[in-house]
1. Give the residue that is modelled with the lowest pLDDT, with candidates limited to residues of region 306-362 that are part of a loop (DSSP other than H, G, I, E, B), over 30 Å from residue 30 (Cβ atoms) and in contact with a helix residue (DSSP H, G or I) (Cβ under 7 Å, 6 or more places away or on another chain).
2. For region 99-138, name all the residues that are part of a helix (DSSP H, G or I), touching a helix residue (DSSP H, G or I) at 6+ places or on another chain (Cβ under 9 Å) and surrounded by fewer than 19 Cβ atoms within 10 Å (Cβ to Cβ).
3. Using the structure shown, decide if residue 214 is outside any strand (DSSP E or B), within 21 Å of residue 141 (Cα to Cα), in contact with a strand residue (DSSP E or B) (Cβ under 9 Å, 6 or more places away or on another chain) and in contact (Cβ under 8 Å) with a residue 60 or more places away in the chain.
4. Out of region 266-280, which residues are over 16 Å from residue 123 (Cα atoms) and either in contact with a helix residue (DSSP H, G or I) (Cβ under 8 Å, 6 or more places away or on another chain) or in a helix (DSSP H, G or I) (or both)?
5. If residue 90 meets every condition in (1) touching a helix residue (DSSP H, G or I) at 6+ places or on another chain (Cβ under 8 Å); (2) crowded, with 17+ Cβ neighbours inside 10 Å; (3) at pLDDT 95 or above apart from one, which number is that one?
6. Would you check if residue 302 is in a loop (DSSP other than H, G, I, E, B), touching a strand residue (DSSP E or B) at 6+ places or on another chain (Cβ under 9 Å) and either at positive phi or surrounded by 19 or more Cβ atoms within 10 Å (Cβ to Cβ) (or both)?
7. Which members of region 139-180 meet the condition of being part of a loop (DSSP other than H, G, I, E, B) and within 19 Å of residue 263 (Cβ to Cβ)?
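The values are calculated or read from the model by the stated rules, or taken from the named source; none is laboratory data. Fair warning: this is a prediction, and the values are worked out from it, not measured in the lab. Using ideal geometry, Cβ is built from the backbone for each residue, glycine included, and neighbour counts are taken over all protein chains shown.
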């Protein structure tokens, strides 16, 4: 946290703290004035009583006491005006300070949300590169060639295993023929239900079949895959083309299953919040339907939808009760345009030490 000259801490919350302190001090001092003035009034009244008892001898003293009482009344008027104006000014200062603090807090949350979704985008962009590259691997192409044999599929499976050992962010890689049958996978021991299964009706498979060249790919939102022990994955796919050529005839599809849970959790857990903020902040990645894809508290993943208000544009913030919400839409990265996802932070406001009304001591 930055420090101002003299060692003062530069926190937006200081505006409200100072407003509260001024309110307390002003209230106490005006209260002290009222207390002293009441004592002065009592003294002047007592002086008038004594002067009346003294008769003509006390007449001059009575005049002084009466003037003193008038001055005391004037002090009351001034004190009341000071209280009224001070209260109004401090209320306005607190309101302005609260608005500034809310804006700064919201902007910071939106910036953190953008940073989180950008990290996701860059990570997933690499997946689009991987699938297009591996779809041209000679072993992958041979596994779905017209004259492919069981040995070709076995060799491809071994090749996929080597890739998986090097790229630990994937659960499995599947080579599919034109009918949608998985002819080879990289981890047949861990996921025995994959090889031989059909993916003919999955969006990633049908989308990859329809791509125009080896430069294109398909990707689907996060979903659980039964053959992968119901793990949530992001599946990327590219057409396998004859001869591994960019413009070759489509002879199959390569699907790669990104291990979503640990990678996404690392992103939401890595958002730069201090320990105190982390206790009252929920960091999330949402899909285009506002469904939670990842959450720092681990709750509601792939089940809960967040009523996110994005009327402020692609990036913004707003207050909702005692919550401040900051969000940012996926900007995409390089050739990966994103899927309409959002980074989102919901933060419960910390208890304000200030904003108390002007309290006049009695």
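1. 335
2. Passing the criteria: 100, 123, 138.
3. Details: outside any strand (DSSP E or B): yes; within 21 Å of residue 141 (Cα to Cα): yes; in contact with a strand residue (DSSP E or B) (Cβ under 9 Å, 6 or more places away or on another chain): yes; in contact (Cβ under 8 Å) with a residue 60 or more places away in the chain: yes.
So residue 214 fits the description; yes.
4. Step one: of region 266-280, the residues over 16 Å from residue 123 (Cα atoms) are 272-280.
272, 273, 275, 276, 277, 278, 279 - these are the residues of region 266-280 that are over 16 Å from residue 123 (Cα atoms) and either in contact with a helix residue (DSSP H, G or I) (Cβ under 8 Å, 6 or more places away or on another chain) or in a helix (DSSP H, G or I) (or both).
5. Failing condition for residue 90: (3).
6. Details: in a loop (DSSP other than H, G, I, E, B): yes; touching a strand residue (DSSP E or B) at 6+ places or on another chain (Cβ under 9 Å): yes; either at positive phi or surrounded by 19 or more Cβ atoms within 10 Å (Cβ to Cβ) (or both): yes.
Judged against the criteria, residue 302 is a match.
7. Going residue by residue through region 139-180, those that are part of a loop (DSSP other than H, G, I, E, B) are 144-149, 167-169, 177-180.
Matches in region 139-180: 167, 168, 169.
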